[in-house]
Every structure is written in structure tokens, then in C-alpha cells.
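Colleague: My questions all concern the structure below.
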There are 2 protein chains.
Amino acid sequence: MPAEQAVQAPPTDQVTDDIAAFSAEFIRLMRARQRALAAAKGNVRWAASVIISCVANDGPLRASALAENVQSDPSTISRQVAALVREGLLERRADPVDGRASLLVTTPKGDAAHREQIRMRTKHFARMLADWDERDVRQFTALLRRFTDDFERYGPQFHPGKDQMNAEES
Amino acid sequence: MPAEQAVQAPPTDQVTDDIAAFSAEFIRLMRARQRALAAAKGNVRWAASVIISCVANDGPLRASALAENVQSDPSTISRQVAALVREGLLERRADPVDGRASLLVTTPKGDAAHREQIRMRTKHFARMLADWDERDVRQFTALLRRFTDDFERYGPQFHPGKDQMNAEES
DNA sequence: ACCGAGGATGCTTGTACCAAGCAACTAATT
DNA sequence: AATTAGTTGCTTGGTACAAGCATCCTCGGT
């Protein structure tokens, strides 16, 4: 079914723009939801959940690796991790090969929190997607995966352009 | 990496979970990019761009309406708007029917900034999607649109006091 | 071989900023 | 008087940059 893209560019712009717009919209909505969730209960905060998730998935790893994985500043990670350690969701263990570093792992509690978070998230999406048919969900998943992959690859690549969109007046 | 969403079994749960995960991933990436962009130059900040976009699209509207449109607190909007007015990107006009309120419109400068922002965004996505074939892009757009729509509908469904997440699964 | 700079690396802390929310306030509307 | 639109003070969460501290590594001098 793919291939057959004899057309070079004409409609792409419009569609691309739509994607961009919906992406922005999507972000906005997700952020709103994150806030709502965070405010609601003893939920793990968004940033924390990203950290935990990463540690849970990628096994014991260093703060620096973590920072790189989530494309965030080491200092930010350091604080987040410190908070999570205080809360008993993460644990530091000595890195056998480097005394400066420590390896991060989830505690059972952190693991439970992570699973619970996933459960909630999945439940939400399941309800939301209840009236989608299976095929569309699959397709969307595949496309979304590809999209995020591409996004990750192209993300850091943006060239600090020369166009000034917002000439300051102050 | 993960990939086994082949023809297994009742994949709905698995696929839904994937969607949730990719959504989270997507959010993270977008936020990172926003930060990068914001830090790079005199670009409009993310929150500001949301406001401008909304005002540009939905014509003259009140702060309260704006707040509702973007599902944000009036106070937040008030500050954002104030900043944008200071920067000359938005303008207040007296509301003919209510002296307390004012209607917000984009200035030419604000409009230009908005268009430029869209241009950059589109450019980025266009490059990113360069090797997608037309059909997939269209399909993804359609699905993403539907997804954001559904998200918007299901998002605000839980309000404080009416706690439904703690409840046993539904 | 040994040792002790000098530099690199991993992480934490100080500081500052943006964003968002609640609560209290002002002012126009009814 | 009660309501409503908007603003502002305070607080919290999340982030980045810069500086600092601790440890590791690499050499050249002895």
C-alpha cells in the first residue's frame, strides 16, 4: 500500500501544517491533563514519572545517562533524582567502576508507582479510544511510533535560523 | 527494541499502552524542543504562542473566553496577555457590551509573529516528514486529528471532587 | 616503579526564570 | 447588594546555566 508517491510536494504543505497544529494542540491538552492529575492526588508528578519510567525500563543507570536519555540537563536530573530518592521511589547504589557516579534503580515502591501510573494512563486511553476500531488504533500506534522516532532524530537538528520572528522592541 | 505488537492476541491493551507511552514520549520531546527553541533566540515562548495562536484564530475574544479555550486559569491568561500586550503582539479593545472586559486582538506584529511561528514549525515538520510517503502523512494527520479531538473530549472529564481514578477499574 | 600535579568527568548547589494555580482584591454590571 | 471580569500576591513545579566539589585519569619527574 505504500509507495506510489509520484506527487512531489503540493498537498504536503497543508497536511504537514495540520500535523504541526495538531501536535501543538496535543501537547497543550496533555499538559493540561498532567497538571490536573498532579493536582488531583498523590500522583507522581510528570517530570518524576519520566525519570522513574526511564530508570525502570533502562535498568540501573547513571544520572548522566539518564539525563541524556531524557534530553535534559544533568542538574535538573540531579534534583529530580534527589527528590525521588527522598520519597523512596529510587535508590542509589555505588557504581563499582567509578566512585563519583552512582547507579540508579527503582525501589519496589518506585516500581509499584510506575506500574500504577501506567495502569492509570492506559485506562484513560483505553476509555478514550473505546470507539475506535482496532485497525485504526493499530495504525495510529504504528504511525505515532514512527513519528516520535523521527521527531527524536530530527529534534536536535533544528538550525538556529536567521529569521527574526519576534524582533524585540523594549 | 519493543516491537512485538505483531498478530498476537487481544492486542488492544498492548496497543493502547503503546499509544500512551508514545504520547508521553512525544510530549517529552516536544517540550524539549520548545525549550531549545525558546532558549535559542528571541522566539516567542511556548505559552505565549498558544495564546497568540488562539487569538489569531478565534478573532477578538475576551480573556475569559481565551482562558476557557486553552483550558487554563484566568490568572495565567491575564499575565500572559499582559506580557504580550507589553511586547506589542496583542492589543486590547474596549468591549462594547461590558466595560469590565476587553476584547483581545492580534496586532500586525503579533500576526506576523504568529505566521512566522507557523512557518518555522511547518518547516521543521516538513523536513522531519520528508521521507514519509504522502499517504502515511495524510493518514497520520487524520488519526492525530481524531485523537486530539477525543482527548479534548475525555480530558476534562474528571473534575476535582468527582474522583474516578481511584475507583476500581471501570 | 612510584607519585603527585593538572586536567577531565560525574554530580550537586546557587541562582534565576517561566508557567500555572489559588486566593484575595478592584471595579463594572445586574 | 450580589455577581462577574479581570488583576495581582504568593506559592509551587520544572528547567537551565554557572560555579563548585569530589573523584578519576594521565603523565612527567624522581
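Colleague: One decimal, nm, shortest first: give the distances between the label point of B:Pro96 and those of the same position in the other copies, each label point 7 Å from Cα along Cα→Cβ.
Modeller: In nanometres, ordered from closest: 7.9.
Colleague: While we're here: Sort all Cα-Cα distances of the range A:23-112 into consecutive 10 angstrom bins from zero, then give the percent of pairs in each bin up to the one containing the longest distance.
Modeller: Reading the bins upward from 0: 16, 46, 29, 8, 1.
Colleague: Shortest first and in nm with one decimal, please list how far the B:Pro60 label point sits from its counterparts in the other copies (point 7 Å along Cα→Cβ).
Modeller: Ordered by increasing distance: 6.6 nm.
Colleague: Also, I was wondering about something else. Using the number of other C-beta atoms within 10 angstrom as an exposure proxy, rank A:Val70, B:Val44 with the fewest first.
Modeller: A:Val70, B:Val44
Colleague: Any number yet on Rg/Rh for the range B:28-78, C-alpha, Kirkwood?
Modeller: Over the Cα atoms of the range B:28-78, Rg/Rh equals 1.04.
Colleague: Then there's this: Using alpha-carbon positions, what is the distance between the centroids of the range B:28-79 and the range A:13-30, in Å?
Modeller: 14 Å
Colleague: Please compute P(r) over all alpha-carbon pairs of the range B:101-159, binned at 5 Å starting from zero, and give each bin as a whole-number percent.
Modeller: So the P(r) values, bin by bin, are 4, 14, 11, 14, 15, 19, 14, 6, 2, 1.
Laboratory data are not the source of any read-out in this text; all were calculated from the coordinates shown. Just so it is clear, the model here is predicted, and its values are computed rather than measured. All Cβ positions, even for glycine, are placed from backbone atoms using ideal geometry, and neighbour counts span all protein chains on display.
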